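Beneath this line is the structure, given in C-alpha cells, with notes to follow.
What follows draws every value from the coordinates through simple rules; no lab data is involved. All figures in this text were calculated on a predicted structure; none of them were measured in a lab. Glycine gets a Cβ as well: all are built from the backbone with ideal geometry, and neighbour counts include every protein chain shown.
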Amino acid sequence: MASHLRGCALVPPEVKVKFQRKPRESTADVVMGTISSISAPPPPPPPSSAPSVPSIPAWTLSIPDRERLIQFAIEAKEGSYSPYSKFRVGAALLAADGSIIKGANIENASYGGTICAERTALVKAASEGTRSFVALAVTTDVAQPLSPCGICRQVIREFCALRMPILLVPAGYTIEKGGIMETTVEGLLPHSFGPEDLELPRTG
Ligand SMILES: [Zn+2]
C-alpha cells in the first residue's frame, strides 16, 4: 500500500475536528465500557522497564463483529476510484456505537489530491460526528496483508486509541483460510505524537 497514488491528500481545514483532550488511553477506557463485543479487559500497566508498545492487542473483537468488519472492508474496495494505480483499497471502521463506516481510495489526476481508503473512512465518520472507534480493517487486491501508509497512520492516531485493533486482510480472505495480520495503532506507529502531547507543559 505504499503507492504514492494512494496517499498524501491534505484534509481541508474545515474537516479537522476539535479533539477533546484526554490523557493517553482514556478513549480506550470509554470505548471498552460501551461495547459489549470487546471481551478482553485492559492489561495491567507494564513494569517501568518494559517497552511501551504492547506485545498483544489489548482488545479482542467477537468473531461475528470481526467477520462483519472484514466483509465491510472487502465491500468498501468496490468503491475504489483508482484509474491510475489500479490499486484498490478498502477500509472499514467499527465505531463505538456499533456502526461501520466504509472508505475506499480515491485517486486524482494531480496524484497529490489522492486520498487513501483509511482516511476516506475516518474523514467520512469524523465529519458526520462519529469520532470514537473500536476497530479498523483494511484490505487490497494483494494476497498478503498490507499496511497503511505513514500519513494514514498519523490520521488514525488522531482518532483511535493506541491499543485499538487493526486488521490487515489479504485478498481472497475467508475465515477458513485466515492470513490476517492483526496489529494496533501503537504497533503501526510507536512513539507517536498525538493530541494530548499538545497539552504538555512547556518550559521554553
Ligand atoms: Zn494511506
Most packed first (mean Cβ within 10 Å per residue), the peptides 90-99, 112-121, 180-189 order as 112-121, 90-99, 180-189
Simple SL model, points at 7 angstrom along Cα→Cβ for ARG153 and LYS124; separation in nm is 2.5 nm
Two pseudo-spin positions, 7 Å from Cα along C-beta at LYS86 and at PHE193, lie apart in nanometres by 3.9 nm
For LYS124, counting only aspartates and glutamates whose alpha-carbon sits under 17 Å away and dropping same-chain residues fewer than eight positions off, the answer is GLU14, GLU75, GLU78, ASP97, GLU107, GLU158
Toy charge model, Lys and Arg Cβ at +1, Asp and Glu Cβ at -1: the stretch 74-152 dipole around Cα centroid in debye, rounded to 20, equals 100 debye
Normalised per residue, the volume inside the convex hull of the alpha-carbon atoms of the stretch 91-204 in Å³ amounts to 131 Å³
Note to self: C-alpha centroids of the stretch 145-204 and the stretch 105-128 sit apart, in Å, by 17 Å
Note: LEU200 to VAL142 extended length (0.36 nm per residue) minus current alpha-carbon separation gives 16.7 nm
Cα extents of the stretch 54-158 along the principal axes, largest first, in whole Å, come to 39, 32, 26
Here the stretch 111-128 yields Karplus 3J(HN,Hα) values (6.51, -1.76, 1.60; θ = phi - 60°; whole Hz; Gly and Pro given as x) of 6, x, x, 5, 10, 6, 4, 5, 6, 4, 5, 5, 6, 4, 5, 5, 6, 9
Here the stretch 159-167 yields Karplus 3J(HN,Hα) values (6.51, -1.76, 1.60; θ = phi - 60°; whole Hz; Gly and Pro given as x) of 10, 10, 5, 4, 9, 4, x, 10, 9
